[in-house]
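The values are calculated or read from the model by the stated rules, or taken from the named source; none is laboratory data. These numbers come from a predicted model, not from an experiment. Using ideal geometry, Cβ is built from the backbone for each residue, glycine included, and neighbour counts are taken over all protein chains shown. Ligands, DNA and RNA are excluded from the accessible area calculation, which covers all protein heavy atoms including side chains. Shrake-Rupley method; radii C 1.70, N 1.55, O 1.52, S 1.80 Å.
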Amino acid sequence: MTISLSDALSHYRAVTDTSHRYWGYFQAIAASTAAFAWGASSMKHWFEYAMLTLGFVIFAVLNMRLILGAQEDALKIAEGLKSFVQRADSGVPLDFQPIFQRLDPDSKYKVGSWHALISAATIAVVWVRYVHPS
């Protein structure tokens, strides 16, 4: 199977757009979870906080899998594009080759670490509210 340079670039863009959309969902749910914990004056029992935490953790784990999958795809596509462009017969003008070298998605470990850190901070914010109900 062959794929054109244009198709590969389109796929790379689609993968990064998907990753950004997953990050947007994550940010919205993390902020909503924290806001709900701090804004819900009716939450008094630890069980309510535990259920809110459990729901967030389930979402965060599944979301992280989606983000890391998209990130891994982006890394593979970027690597393929870079190696293709470096070939002498690629047909990409020398002036445009540096553009392809700038395709440098973050490692999935870095992305996963940030996701885990934000998830842990969100859970901490929920439980700080339980400990200090004000």
Label-to-label distance, nm, for residues given as E72 and V131 (7 Å Cα→Cβ offset):
3.6
Under Stokes-Einstein, with the Kirkwood radius over Cα pairs standing in for Rh, what whole-number D in µm²/s applies to the stretch 77-134 at 10 °C and 1.306 mPa s?
107
Distribution output for the chain: share of Cα-Cα pairs per 10 Å bin in percent, first bin at 0, values 11, 33, 22, 16, 11, 6, 1
Would you check the accessible area of W114, probe 1.4 Å, heavy atoms only, in square angstrom rounded to 10?
140
What list of ³J(HN,Hα) couplings, whole Hz, do you get for the stretch 50-67 from phi and the Karplus terms 6.51, -1.76, 1.60, once you set θ to phi - 60° and write x for glycine and proline?
5, 5, 4, 5, 4, x, 5, 4, 4, 4, 4, 5, 5, 5, 4, 4, 5, 5
Tell me, how many Å apart are the Cα centres for the stretch 90-134 and for the stretch 27-68?
20
Using a 1.4 Å probe on the protein heavy atoms only, what accessible surface does K82 show? Give it in Å² to the nearest 10.
50
Heavy atoms only, probe 1.4 angstrom, no DNA, RNA or ligands counted: give me L68, L94 ranked by accessible area, highest first.
L94, L68
If you average 1/r over all unlike Cα pairs in the stretch 1-71 and invert the result, what Kirkwood radius do you get in angstrom?
14.4
Could you look at the chain and say what percent of its accessible area is carbon and sulfur, using a 1.4 Å probe and all protein chains?
64
Taking 0.36 nm per residue of separation and subtracting the Cα-Cα distance, what length does fully extending I29 through S10 add?
4.0 nm
Accessible area, probe 1.4 Å, largest first, for residues F100, F26
F100, F26
So for I29, I99, what's the accessible-area order with a 1.4 Å probe, most first?
I99, I29
Determine how large the accessible area of M43 is when every protein chain is in place; take a 1.4 Å probe and give Å² rounded to the nearest 10.
20
So, in nm, how far is label T18 from label I118 when the simple model puts each one 7 Å beyond its Cα toward the Cβ?
1.9
Using only Cα atoms and rounding to the nearest 10 degrees, what angle (0 to 90) does helix 108-131 make with the longest principal axis of the chain?
10
